[in-house]
Amino acid sequence: MEVEIAMTVARATLLDRMTALPPVYDAQRAAYAFQDLEKRAAQEQGAVAKALTSLLEDEASRQVLRALFGNSPYLTRTALRFPDFLPHLFDCAPEDLRDQLFADVRDAALDADSSATLMTVMRHTKAKVALLAALADITQVWGLFEVTGALTTLADVCLQAGLSHLLKKAHDAGKITLADPHDPQQGCGITIFAMGKYGAAELNYSSDIDIIVFFDHDILPVTDDVEPKQLCVKITKELVRFMQEMTPDGYVFRTDLRLRPDAGATAVAVPILAAEQYYEGMGQNWERAAMIKARHCAGDTTVGARFQKTLAPFIWRKYLDYAAIEDIHSIKRQIHSHGKHKAIAVAGHNVKLGLGGIREIEFFVQTQQLIMGGRNPGLRNRMTCQSLDDLAAYGMIEAQTGVELKESYVFLRMVEHRLQMKDDMQTHVMPKNADDIDHIARFAGYAETADFEKDLLFHLRRVNKHYINLFAQEEALSGAEGSLVFTGVDDDPDTLETLQNLGFQRPSDVAATVRAWHYGRIRATRSERARELLTKLMPVMLEAIANTPDPDTTFARFQDFLKGLPSGVQLFSLFYSHAELLYLLTDALGTAPRLGPYLAANPSVIDAL
């Protein structure tokens, strides 16, 4: 009997299960949307016209649509694009409708008569799933993790469908020989990993998806006249086009491949063996942190499972020396310095990257996982909130700390979603205009903006308090001028501002060069110890270079100097212990163009200093 009750509840419709609705921010916009929908209903015929008319006559359905139309221009446009879909949102259980939408994409993977047809199906499905998830979200039928889970599964399904379609095309063209053309991914030798929020099944409404594409030369079933790498690169590029190309039907997900090993120097599809060698010899601690969330999401499951097993010792080290622990903590200290000079506020605050934001919670978890997860497999969870539970269960944090951070995570993700659902913009920043803040407050379910602002500030301050407590004893990795962050693959906006304030005219070029040093693209930084020292030395190094008359020219000469060194550990250690030598060297480089190459070729001169 209990099973029957559970099944009945699970299959109940959205109207039967909703417990809340946000206040309407723009009643006039909602009224215009209803007029447009009524016109569409009048133009339809048969069952669709009847269903739409019934929907418009039902007051409960109108209230839900009013809340949607009055808060989100993007979702309003989406609803009006698919008027025949709207009745299903109210007649079906959200879970049943979600599963049917996913099944439609899977069917189209092999049945579509062209790539364009499959791309259309994928884009229509994306729009419908976004609309379904939004309605289930604002009515509180689905919680945060059901919403993010639906968006994540949508990305999985679309990637799998696109890859299957492309593999089948290659098979039909005689470029590969599939074991089973009706199940193209089986034994195909190509495996795709989801990274970041995507890997953790925590996608938001307007997320990019971060993926890495690997392939196994020995398994890839190419024919004799086909070069494996070229084929895999072509398939990867086509798959990305399927996902992110803007067509009249929109796009599915913007797709980012830059988390692959040394993205600036490698192709978009990476051989498994090369990846294993990279992570073993050159992998950075921020990449270890990123790999915590890595999840096989498409392609050959056997190859994916084997690679993940091979990679485990890189991610989860049983023994860490002090330098490695310092470097892991440096990831967090750099993120901390990111918002160091920006006070917690409402207007204009970044709820992801700012003080007290979502990123602080994620790194609160990940840094502790990196340090302790090697000896404790129970701390290896991909999902942020479950990992907080794990840390509390194993005594790494107080139980109350875990509870509070989870509550704040859910609240901040809700705010992030409302910001993105409004106009389908990839934003995490609160508006500065008072009217726009009112809009987000209503969409978040608040009748009074002051109450929303109070709650937002409460959660931001609480997160930042726990974050600071964890890293209170650590030296900040920032100069006197501000943030200096060089982890990851993107330019950090605050870092570019800091570099510009220091006097660099081309701050993005400087940031890109420093990241290349961390990737070990010069001999001086190919050892792990050298890169750890470089991280600690970077603020004083850049400040020393900035003190010269032309920082950009001096930086270029310093780069030439480093490129000529056979090793960097001894020199970096010397500079770290005696910063005055670094200032002396950069001063000389700033005035003597040929000195850099000469010193690199004659490092004994440095010893003489």
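The values are calculated or read from the model by the stated rules, or taken from the named source; none is laboratory data. In this text, all values refer to a predicted model and were calculated from it rather than measured experimentally. Using ideal geometry, Cβ is built from the backbone for each residue, glycine included, and neighbour counts are taken over all protein chains shown. All accessible areas refer to the heavy atoms of the entire protein, side chains included, with ligands and DNA or RNA removed. Shrake-Rupley method; radii C 1.70, N 1.55, O 1.52, S 1.80 Å.
Under the condition of being assigned to a helix (DSSP H, G or I) and in contact (Cβ under 8 Å) with a residue 12 or more places away in the chain, the residues counted in the stretch 403-433 number 20. Taken over the stretch 261-290, the residue count meeting the criterion of being of a type outside the set (S, T, N, Q), farther than 20 Å from residue 236 by Cα and more than 17 Å from the chain's Cα centre (by Cα) is 6.
Taking only the stretch 80-89 into account, find how many residues are part of a helix (DSSP H, G or I), open to solvent by 40 Å² or more (accessible area, probe 1.4 Å) and of a type outside the set (Lys, Arg). It would help to see each step written out before you state the result.
From the stretch 80-89, those part of a helix (DSSP H, G or I) are 80-81, 86-89; that's our starting set.
Subsequent filtering for residues that are open to solvent by 40 Å² or more (accessible area, probe 1.4 Å) retains 81, 88.
Subsequent filtering for residues that are of a type outside the set (Lys, Arg) retains 88.
Count: 1.
Of the residues that make up the stretch 31-39, is at least one within 32 Å of the chain's Cα centre (by Cα) and at pLDDT 95 or above? It would help to see each step written out before you state the result.
Of all residues in the stretch 31-39, those within 32 Å of the chain's Cα centre (by Cα) come to none.
No, there is no match, as no residue in the stretch 31-39 is within 32 Å of the chain's Cα centre (by Cα) and at pLDDT 95 or above.
Would the stretch 248-259 turn up any residue that is more than 19 Å from the chain's Cα centre (by Cα) and assigned to a loop (DSSP other than H, G, I, E, B)?
Yes, the conditions are met somewhere in the stretch 248-259.
Residue 336 fulfils the conditions (1) at pLDDT below 90; (2) over 18 Å from residue 495 (Cα atoms) except for a single criterion, (2).
Figure legend. Inter-residue proximity from the stretch 555-566: first residues within 15 Å of residue 520 (Cα to Cα), second residues open to solvent by less than 30 Å² (accessible area, probe 1.4 Å) and not in a helix (DSSP H, G or I), beta-carbon distance below 8 Å, spacing 6+ or different chains. Indicated pairs: 562/522; 562/568; 563/522; 565/522.
Within the bounds of the stretch 440-456, is there any residue that is over 30 Å from residue 255 (Cβ atoms), under 26 Å from the mean Cα position of the chain (by Cα) and open to solvent by 30 Å² or more (accessible area, probe 1.4 Å)? Can you show your working first?
Restricting attention to the stretch 440-456, the residues satisfying the condition of being over 30 Å from residue 255 (Cβ atoms) are 441-442, 445-456.
Now drop any that are not under 26 Å from the mean Cα position of the chain (by Cα), which leaves 441, 455-456.
Keeping just the survivors that are open to solvent by 30 Å² or more (accessible area, probe 1.4 Å) gives 455.
Taking every residue of the stretch 440-456 in turn, at least one turns out to be over 30 Å from residue 255 (Cβ atoms), under 26 Å from the mean Cα position of the chain (by Cα) and open to solvent by 30 Å² or more (accessible area, probe 1.4 Å).
When residue 266 is tested against (1) β-branched (Val, Ile, Thr); (2) open to solvent by less than 20 Å² (accessible area, probe 1.4 Å); (3) outside any helix (DSSP H, G or I), just one condition goes unmet, and that condition is (2).
Taking the stretch 435-451, which residues are outside any helix (DSSP H, G or I), more than 18 Å from residue 413 (Cβ to Cβ) and aliphatic (A, V, I, L, M)? Working first, answer last.
The first filter runs over the stretch 435-451 and keeps only residues outside any helix (DSSP H, G or I), leaving 444-448.
Retained after the next criterion (residues that are more than 18 Å from residue 413 (Cβ to Cβ)): 447-448.
447, the sole residue that qualifies.
Whenever a residue of the stretch 130-141 is of a type in the set (D, E, K, R), its partners that are open to solvent by less than 10 Å² (accessible area, probe 1.4 Å), lying with C-beta atoms within less than 7 angstrom and at least six residues away or across chains, give the pairs 137/147; 137/417.
Listed here are the residues, each with its yes/no results for (1) open to solvent by 10 Å² or more (accessible area, probe 1.4 Å); (2) without any contact (Cβ under 8 Å) to a residue 24 or more places away in the chain.
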| site | (1), (2) |
| --- | --- |
| 37 | no, no |
| 40 | yes, no |
| 45 | yes, yes |
| 49 | yes, yes |
| 63 | yes, no |
| 69 | no, no |
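The lone criterion from (1) in a loop (DSSP other than H, G, I, E, B); (2) modelled with pLDDT under 95 left unmet by residue 346 is number (2). Going residue by residue through the stretch 132-153, is there one that turns out to be of a type outside the set (A, V, I, L, M), closer than 21 Å to residue 191 by Cα and more than 20 Å from the chain's Cα centre (by Cα)? Checking the stretch 132-153: not a single residue is of a type outside the set (A, V, I, L, M), closer than 21 Å to residue 191 by Cα and more than 20 Å from the chain's Cα centre (by Cα).
Looking only at residues that are of a type in the set (Val, Ile, Thr) and open to solvent by 40 Å² or more (accessible area, probe 1.4 Å) in the stretch 545-584, which one is farthest from residue 498 (Cα to Cα)? Don't jump to the end; show me each part of the working.
Step one: list which residues in the stretch 545-584 are of a type in the set (Val, Ile, Thr), which gives 545, 548, 553-554, 569.
Now drop any that are not open to solvent by 40 Å² or more (accessible area, probe 1.4 Å), which leaves 553, 569.
Numbers: 553: 18, 569: 27 Å.
This residue is 569.
Determine, yes or no, whether residue 208 is without any contact (Cβ under 8 Å) to a residue 12 or more places away in the chain and surrounded by fewer than 21 Cβ atoms within 10 Å (Cβ to Cβ). For residue 208, the condition - without any contact (Cβ under 8 Å) to a residue 12 or more places away in the chain and surrounded by fewer than 21 Cβ atoms within 10 Å (Cβ to Cβ) - is not met. I want to confirm something. Restricting to the stretch 357-387 and keeping residues that are small (Gly, Ala, Ser) and crowded, with 21+ Cβ neighbours inside 10 Å, which single residue is nearest to residue 466 (Cα to Cα)? Once the filter is applied, the top-ranked residue is 357.
Scan the stretch 115-131 for residues that are among the basic types (Lys, Arg) and either over 23 Å from the mean Cα position of the chain (by Cα) or over 24 Å from residue 22 (Cα atoms) (or both) and the total you get is 1. When the residues of the stretch 212-237 are filtered to those that are open to solvent by less than 20 Å² (accessible area, probe 1.4 Å), in a strand (DSSP E or B) and in contact with a Gly (Cβ under 9 Å, 6 or more places away or on another chain), the one that is nearest to residue 145 (Cα to Cα) is 213.
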